[in-house]
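Some notes on the structure that comes next.
The values are calculated or read from the model by the stated rules, or taken from the named source; none is laboratory data. None of the values given here were measured: they were computed from a predicted structure. FYI the Cβ positions are ideal-geometry reconstructions off the backbone, even for glycines, and counts take in every protein chain you see. Areas reflect the complete protein model, heavy atoms only, side chains present, ligands, DNA and RNA absent. Shrake-Rupley method; radii C 1.70, N 1.55, O 1.52, S 1.80 Å.
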Amino acid sequence: MRTAERTLLRDLAPIAAAMLAVGASFGAIARAAEIPVWAVIALSSALYAGAAQFMAVGLIAAGSPFAAVLAGLVINARHLPFGLAIGDTVGRRWPAKLVGSHLMTDEATAFALAQPDGAQRRRAFWTAGVVLFMAWNIGTVIGVLLGAAADPARFGLDAAFPAGLLALLMPALRDRTTRTVAVLGSGIAVVTTPLLPAGLPILLALVALAVLVWPRARKEQPC
């Protein structure tokens, strides 16, 4: 195994462990809400949406399935810019694009963008996508079997996601424009999180990118 591949798997391991634990938490919560086992497993394999799954379980348990669908669409709308950023990395053929879009998560996207363009970035995306998908679904099954005992907060693994993403983004923050976008976007998300439904603050944070990129694009546009 080459050094780059070993480094990728080493960096991926704590995120996969967190994914396993949080998936177990989801499985336990879904079963506590009396959702059938087959439906819990189907949510994790066919939907595979992390935070949207937790929200969907809560809304379904409260008797609001249509609200669960709408909330899931809002939360996962952030995948639109993800797709634009790594569309060529996922692949040019439709089968690859369909499978890749299903495996596309915040973490898999961050792992891909942390690599140089080309084969290395493509390998990072698919490796992270497959490993994390398997970890989440295995975790779900464990949670269904263990019930309330599956609680990632006991071990602090729920903090591995933001910590891992921050570590992956650190090299990109050397660029001044990227730092400005990150600070402005983070500020927008923090301020609006207590005021808006889940998912919308992240979408509003993209305003930071538009504010900085749009004037530059206007300047570069030929007269």
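Values computed for the structure shown
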{"quantity": "Matching residues, the range 183-201, being in contact with a helix residue (DSSP H, G or I) (Cβ under 6 Å, 6 or more places away or on another chain) and over 30 Å from L59 (Cα atoms)", "calculated": "L184"}
{"quantity": "Residue match in the range 44-56 (condition: over 17 Å from G139 (Cα atoms), surrounded by 14 or more Cβ atoms within 10 Å (Cβ to Cβ) and under 21 Å from the mean Cα position of the chain (by Cα))", "calculated": "yes"}
{"quantity": "From G63, G27, residue being at positive phi and either open to solvent by less than 30 Å² (accessible area, probe 1.4 Å) or not in a helix (DSSP H, G or I) (or both)", "calculated": "G63"}
{"quantity": "The listed residue being in contact with a Leu (Cβ under 7 Å, 6 or more places away or on another chain), hydrophobic (A, V, I, L, M, F, W, C), modelled with pLDDT of 75 or more and more than 23 Å from S45 (Cβ to Cβ), out of A182, A108", "calculated": "A182"}
{"quantity": "Residue within the range 69-92 that is open to solvent by 20 Å² or more (accessible area, probe 1.4 Å) and either basic (K, R) or in contact with a His (Cβ under 9 Å, 6 or more places away or on another chain) (or both) present", "calculated": "yes"}
{"quantity": "Where I35 falls short, out of the listed (1) part of a loop (DSSP other than H, G, I, E, B); (2) open to solvent by 60 Å² or more (accessible area, probe 1.4 Å); (3) of a type in the set (A, V, I, L, M)", "calculated": "(2)"}
